[in-house]
Amino acid sequence: MSDVSTAQAAPAPQQPASSAMIITLSLIAALSGFLVVFVYQFTKPIIAENKRLAIEQAVLKVIPGSTAYQPMVLADGKLVKPGETENGITIYVAYDKDKQFIGIAADGQAQGYQDKIQLIYGYKPSCECITGKKIIKLAETPGLGDKIITNKDFNANFDALSAKIHKSGTKLGHKIEAVNHGKKNFPWQIDSISGATISSVAVAKAINDSAQVILPQVNRFLTQLKEERYEPVIQQ
Amino acid sequence: MSQSSSNSADKVSEDKITSATFMEGIWENNPVFVMLLGLCPVLAVTNSTINALAMGLATMFVLLASGGLVSVLRNHIPKQVRIATYIIIIATFVTIVDYLIQAISLDLYNALGAFIQLIVANCMILGRAEAFASRNPPLKTFVNNLGMGIGFTIALLCLGTVREILGSGTLLGFPLFGETFEPWVVMILPPGGFFVLGGWLLLFDWLKNRKEEQAKLADIQQEAPLGN
């Protein structure tokens with residue numbers, strides 16, 4: 001090593017051996033890794049349970065009358081249990097207190113004013129309508145855009161928002177769209193909140209984009225959904 | 001010999017924990033109102049009281065844990081790699097607090113967003129590790145950091161409550177005013193953070209100036225008889 005030569009040339013400032021630094025950093029990094037993995041392992045099941053509870057609350061809220069649900073996956077024109085396929089769209093199949101199929105819930109998302117708005121909406125085949133929505137994540141302006149969560153008049157739009165399937169069976173009969181405040185003329189239109197038009201339109205787009213694809217497929221599996229008894233995730 | 005013994009005596013007196021060790025962070029050197037450190041989370045997440053409290057507690061946890069570890073290891077860390085070591089230690093505890101908050105409440109986690117991870121870049125924590133924890137024994141560091149953490153939390157609450165009351169008309173989610181109250185939305189938007197922080201700094205500066213002037217006045221009154 002060059003330590004000897006520098007020491008002879010001049011009384012250089014004391015340099016600890018690089019091994020000491022390497023050992024210190026390695027030990028600290030190892031300790032850090034151990035702590036992080038330990039906490040990760042400890043909190044993983046709790047976090048998963050929290051996420052499941054959040055979805056459960058949302059699903060049961062958007063389908064009035066539902067008491068239990070279970071996730072299913074739409075993939076390659078089939079309806080299968082999760083885990084049987086890698087790809088596909090997850091939907092939540094909901095059951096009422098008599099364990100009868102009552103409706104489905106699905107995820108939707110669209111660009112809002114600040115960031116993507118994520119939501120879950122419910123659909124009942126009996127009325128061919130959207131029965132509710134719950135915003136999962138948003139970054140809209142507080143006091144303006146976030147009224148899409150709390151505004152009662154706006155939420156009333158989703159009590160029975162028409163979502164009839166087109167005769168061809170591949171899309172909805174009408175586009176679900178947001179119209180200016182007070183201009184709602186049809187049951188498939190959403191009356192926007194004045195002052196939060198962009199956020200209202202985003203909610204409509206999130207539901208429309210998702211429903212156009214998912215609901216016609218769900219419609220094809222209605223008999224399967226009604227007859228096949230799955231073991232719902234929760235029962236009350 | 002005598003020199004070394006006086007040195008050790010100095011060291012003992014330095015290691016002594018007094019109320020000033022604890023109070024430093026709460027009043028005299030409050031991280032936010034006096035040192036103006038860690039202002040990024042101070043401005044960003046104080047739009048409600050509960051967010052401010054959660055952020056304050058999370059920061060305090062990281063401050064205490066990282067300060068403790070730095071203090072324990074202070075004689076074993078080579079000077080050249082100390083900053084890197086502090087960063088690893090701080091990042092570890094930030095990751096831990098990130099998982100813990102997710103486990104406690106997803107809503108809270110979503111509300112605090114990226115600012116939990118950004119605790120790692122909070123200059124107050126690195127500053128305390130370098131300025132205090134690396135030079136003092138663990139217990140003293142703990143007491144001092146506890147004061148700093150409480151001071152930081154109080155500062156966040158000062159902003160959070162004012163902004164929530166004015167910006168949403170609520171306190172901890174409970175409505176304070178009637179239906180007719182029109183919230184000052186600007187207060188929960190980013191500009192509100194600056195307005196309220198500016199207001200508090202103004203108040204503390206005014207208090208400080210007044211105290212100094214009173215002290216000066218008292219001095220003059222004491223000296224006056226001498227002059228005569």
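The numbers here are math on the coordinates, done by the rules we state, and not lab data. Quick caveat: nothing in here was measured; it's all calculated off a predicted structure. Counting neighbours? That spans all protein chains shown, and the Cβs are built from the backbone with ideal geometry, glycine included.
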Work out the FRET efficiency for B:THR170 and A:GLU128 from their Cβ-Cβ distance, taking R0 = 41 Å, and round it to the nearest 0.05. 0.55
Inside 10 Å of the C-beta atoms of A:27-34, what's the mean count of C-beta atoms belonging to other chains? 5
Computed Rg/Rh of segment B:72-228, alpha carbon atoms with Kirkwood Rh: 1.12
Using θ = phi - 60° and the Karplus form 6.51 cos²θ - 1.76 cosθ + 1.60, what ³J(HN,Hα) does each residue of segment B:98-108 get, whole Hz, x for Gly and Pro? 4, 5, 5, 5, 4, 6, 6, 7, 5, 4, 4
For segment B:118-128, take each phi angle, set θ = phi - 60°, evaluate the Karplus expression 6.51 cos²θ - 1.76 cosθ + 1.60, and give the result in whole Hz per residue in order, putting x for glycine and proline. 6, 4, 4, 9, 5, 5, 4, 5, 5, x, 5
The residues B:PHE93, B:PHE181, B:PHE115, sorted from fewest to most surrounding Cβ atoms within 10 Å, come out as B:PHE181, B:PHE115, B:PHE93
Here, B:ARG210 and A:ASN151, labelled 7 Å along Cα→Cβ, have an inter-label distance in nm of 4.5
Within segment B:161-184, what residues put their amide N at less than 18 Å from the label point 7 Å along the Cα-to-Cβ vector of B:ILE50? B:161-177
Among A:TRP188, B:TRP200, B:TRP206, what is the fewest-to-most ranking by other Cβ atoms within 10 Å? B:TRP206, B:TRP200, A:TRP188
Out of all DSSP beta bridges with both ends in chain A, state the antiparallel percent to the nearest 5. 90
Can you sort A:LYS164, B:LYS16 from fewest to most other Cβ atoms within 10 Å of each residue's own Cβ? B:LYS16, A:LYS164
Given the rule -39500 (n - 2.57) for each run of at least 4 DSSP H residues, summed and divided by the residues of chain B, what is its mean residue ellipticity at 222 nm, to the nearest 500 deg cm²/dmol? -23000 deg cm²/dmol
Gaussian network model of chain B, springs between alpha carbon atoms under 10 Å - residue of B:SER48, B:SER71, B:SER19 with greatest fluctuation: B:SER19
One quarter of the convex hull surface, Cα atoms only: what value does that give for segment A:49-227 in nm²? 10.4
Can you give the mean number of other chain Cβ atoms that lie within 10 Å of the Cβ atoms in peptide B:95-102? 5
At a Förster distance of 60 Å, what's the computed FRET efficiency of A:ASN185 paired with B:LEU201, Cβ-Cβ distance as r, to 0.05? 0.65
Choice from A:GLN114, A:GLN189, A:GLN217 showing the highest fluctuation, given a GNM over chain A with Cα pairs closer than 10 Å: A:GLN114
Would you grab the residues whose amide H sits under 5 Å from the one on A:GLY103? Only those 5+ places off in sequence or on another chain, please, with H modelled 1.01 Å from N. A:ALA94
Can you give the convex hull volume per residue for the Cα atoms of the protein assembly as shown, as a whole number of Å³? 247
Between A:ASN219 and B:LEU157, with labels modelled 7 Å along Cα→Cβ, what's the label distance in nm to one decimal, could you check? 5.7
Please report the spacing between the Cα centers of segment B:88-137 and segment B:13-45 in Å, no decimals. 17
Please find the FRET efficiency linking A:ILE23 to B:GLU28, where r is the Cβ-Cβ separation and R0 is fixed at 51 Å, and quote it to the nearest 0.05. 0.85
Taking the alpha-carbon set of segment A:134-212, what are its Rg and Dmax in Å? 12.7, 42
Fluctuation leader among A:GLY173, A:GLY33, A:GLY108 - chain A, Gaussian network, Cα springs under 10 angstrom: A:GLY33
Can you list residues whose amide H is under 5 Å from A:TRP188's amide H, if they're 5+ apart or on another chain and H is modeled 1.01 Å from N? A:SER162
